[in-house]
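The values are calculated or read from the model by the stated rules, or taken from the named source; none is laboratory data. Given the structure is predicted, the values throughout are model-derived calculations rather than measurements. Glycine gets a Cβ as well: all are built from the backbone with ideal geometry, and neighbour counts include every protein chain shown.
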Amino acid sequence: MTKQSLIVFNLPVLFDILNEIKENLNFDLYKFDKKKDLDQINESLYGNFLILSNSTNNKNIVDNLLVIDNLPLKINEIIEKININLLKKKFNNQSEIKIDNFILNINSRVISNDEKKLKLTEREIEIILFLNNSKESQSINKLQKEVWRHSSELETHTVETHIYRLRKKISETFDNKNFIISTKNGYKIS
């Protein structure tokens, strides 16, 4: 399971309250008082993290910021907001996969680069994920078995047709003819 952290920034009383009940929380708890300390925060140290503050002037951490400014709130309402925001961050982090110069968003079924986006089908996503997770070329039979869940080796051109259409869509949208390449053993992501 990915580590989840709450970093309480400039809210000492709220930190003290949360710290008293930390064994009942499903996230680690940290206290920061200096703005320069926020620049040192990263996911390798804190995992899926959220910064709880009463200020929105921390522009460099806006994606990880939860502002509590409509106080007073009950502590269970604050914890609920924290948990919901941590779940949203975790969901979003798990949905995006970097493949070469592309970002594949599994939730929205979109592959994109810095300039363009392309909507994909669920099967196209499955093909890309399977090929991306494989170190070596994958045969048509292997793709048929793993992606389509066909157990018999029927003579069909389903895999080739899907790969052809997927390559064409990517080539036309991103001008990339080498995203999925053919080898003597099958297909692979370049």
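So the values come out like this:
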read-out	value
Residue match in region 90-113 (condition: hydrophobic (A, V, I, L, M, F, W, C), farther than 26 Å from Ile125 by Cα and without any contact (Cβ under 8 Å) to a residue 40 or more places away in the chain)	no
Filtered residue count, region 145-190, keeping only those that are of a type outside the set (A, V, I, L, M, F, W, C), in a helix (DSSP H, G or I) and either more than 12 Å from Leu131 (Cα to Cα) or at pLDDT 90 or above (or both)	13
Test: residue in region 87-101 that is among the hydrophobic types (A, V, I, L, M, F, W, C) and over 30 Å from Asp114 (Cβ atoms)	no
Neighbours by Cβ (under 8 Å, 6+ apart or cross-chain): first from region 168-190, in contact (Cβ under 8 Å) with a residue 12 or more places away in the chain; second among the charged types (D, E, K, R) and crowded, with 18+ Cβ neighbours inside 10 Å	Lys169/Glu124; Phe179/Arg167; Ile180/Arg167
Index of the failed condition, Glu124 passing every other in (1) assigned to a loop (DSSP other than H, G, I, E, B); (2) in contact (Cβ under 8 Å) with a residue 24 or more places away in the chain; (3) under 18 Å from Lys98 (Cβ atoms); (4) of a type outside the set (A, V, I, L, M)	(1)
Positions within region 41-50 being at pLDDT 80 or above and over 16 Å from Leu18 (Cβ atoms), in sequence order	Ile41, Leu45, Gly47, Asn48
Contacts under 9 angstrom Cβ, first residue in region 26-37 being exposed (fewer than 15 other Cβ atoms within 10 Å of the Cβ), partner part of a helix (DSSP H, G or I) and of a type in the set (A, V, I, L, M), 6 or more apart	Asn26/Leu86
Unmet criterion (only one of (1) within 30 Å of Phe179 (Cβ to Cβ); (2) among the hydroxyl-bearing types (Ser, Thr, Tyr); (3) at pLDDT below 85) for Ser95	(3)
